[in-house]
Amino acid sequence: MSLFDIKHQMPGQRTLQRAMARNRIPHAYIFHGPEGVGKEMLAAGLAQLLLCESPITQTLDAARKTDEPVLDAEQLRMGCGTCHDCRLVAAGTHPDLHLVYRQLHREHPEPDVRKRKGLTVGIDVIRHFLIAPAGLMSAQGRAKVFILREADLLEGPAQNALLKTLEEPPPNTFIILLVSVLDQMLPTTLSRCQSVPLGPLPTSFVEARLATLRPDCPEDHRTWYARACDGSLGRAVRWADDNVYDVNEQIVHSLIQSRPDQLPMTVKSWTEASKSLGKDFRKRDPEMTEAEATRRGFRTLFQLAAIWFADVLKVSVGSSAEPANTAFAQALSKCAEEIDPAQAAAAIRRIAEAEYHLRRYLNTQVAVESLVGELSHVLRGDPIDVL
Ligand SMILES: [Zn+2]
């Protein structure tokens, strides 16, 4: 695994490459982009280079193992991949590579911290697993690298506690924050880190990777996951594991049959679907409370509704992008004929607002009822406020 094994992330890789060419690697990075597009792989590649005993130089075209166009041949620094340090990094056991994540509270020496729910990254985890070891000597004498997963789940006090270390890290200490939602980060954190953007992956790539990673997933489901997940391989894999394809069928049926006089029934079916998704989430993450799991279930349903309206929009404006819900081609064409594109766009905005309310822990039931009501109006051709 080297820095340049990651596919389809040329702009982010170039940002790193320019820093290496100048031999001035920033001490704090934020790698940001959708889930499952290669942030952690890229961070591991950078860690390998920083910890490698004898980094190598290769030209870009020789180093890249992808079919992406090569713009020019450039000299690249990367970990050798064969020394003792590189092998330890690849195995995830290098003593100077510290992976920090929210569930580490379970390994904290304080019993009170261990008892807490690990839904966010708290100040105790940051102090014990990042700030304190950052102040110690490195084990191998080269560098210390901290990779902080889900840094957008850092609590405010944890971000504040981290500021000094980000501003003036001890010598040869590198901190890489991995973030999906950049707007959760404090401006003071952002200003101390070099930002490296990672973009969505091509649909064809996600579909091919899904075929390798989840060979039992039927082909038409894979196509739907790849298109619906908007370039996020991580989400596609997670959705395939949770069988969101079937949940989507339920939601699309409820949308196309939605009538204002049947709202309570629709809200009931969405509530049941979100609870059933929530059960799967809790199996994967036992820290999650039932209420939190249901709330996340609703967020998934909102995403499915947004995908439906985006498909309606694609069909009505004749977009070259393929809709995800081709299994509902007839209903999709009918909706595209009946719904004004501005109204479909307004529905997507409303869904985004409702999702924002859920993320801010506002009243779930109110958010769901009012959203289902508004979507039903749009689907009946009754205009909603487009602003
Ligand atoms: Zn090496």
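Computed from the coordinates by the stated procedures, all read-outs in this text should not be read as laboratory data. A quick note: this is a predicted structure, and the numbers were derived from the prediction, not measured. Ideal geometry is used to build each Cβ from the backbone, glycine not excepted, and the neighbour counts take in all protein chains shown.
Remarks
- Here the dipole of the chain is about 1020 debye; that uses its Cα centre as origin and unit charges on the Cβ of Lys and Arg (positive) and Asp and Glu (negative).
- Hull-based mean projected area of region 110-204, where the convex hull spans the alpha carbons, in square nanometres: 8.2
- Computed from the C-beta positions of R87 and N363 and an R0 of 45 Å, the FRET efficiency is 0.30 to the nearest 0.05.
- Rounded FRET efficiency, nearest 0.05, which uses the C-beta distance separating E290 from K115 and R0 of 25 Å: 0.85
- Packing, taken as the mean count of other beta carbons within 10 Å per residue, orders the peptides 20-31, 37-48 from highest to lowest as 37-48, 20-31.
- 10 Å binning of all Cα-Cα separations within region 242-379, expressed as whole percents from 0 upward: 12, 43, 33, 10, 1
- Cβ-defined net charge surrounding V317, 13 Å radius [Lys, Arg +1; Asp, Glu -1]: -2
- Long-range amide H partners of V196 with built H, under 5 Å: I30, F31, H32
- Amide proton proximity set for C229, modelled H, under 5 Å, gap of 5+: none
- Computed Kirkwood radius, in angstrom, where 1/r is averaged over Cα pairs of region 10-197: 17.2
- For region 212-217, 3J(HN,Hα) per residue [Karplus equation, 6.51 cos²θ - 1.76 cosθ + 1.60, θ = phi - 60°, Hz, x = Gly/Pro]: 6, 6, 10, x, 7, 6
- Size of the chain: Rg and Dmax of its alpha carbons, in Å, are 23.1, 70.
- The peptide list 281-294, 96-109, put in order of mean Cβ contacts within 10 Å with the highest first, becomes 96-109, 281-294.
- Unit charges at the beta carbon, dipole of the chain: most positive-side option, A291, T15, T203: T15
- Put a dot 7 Å past the Cα of V181, heading toward its Cβ, do the same for S370, and the two dots end up 1.8 nm apart.
- Across region 199-225, the residues whose backbone nitrogen lies under 18 Å from the label position 7 Å along the beta-carbon direction of N243 are 214-225.
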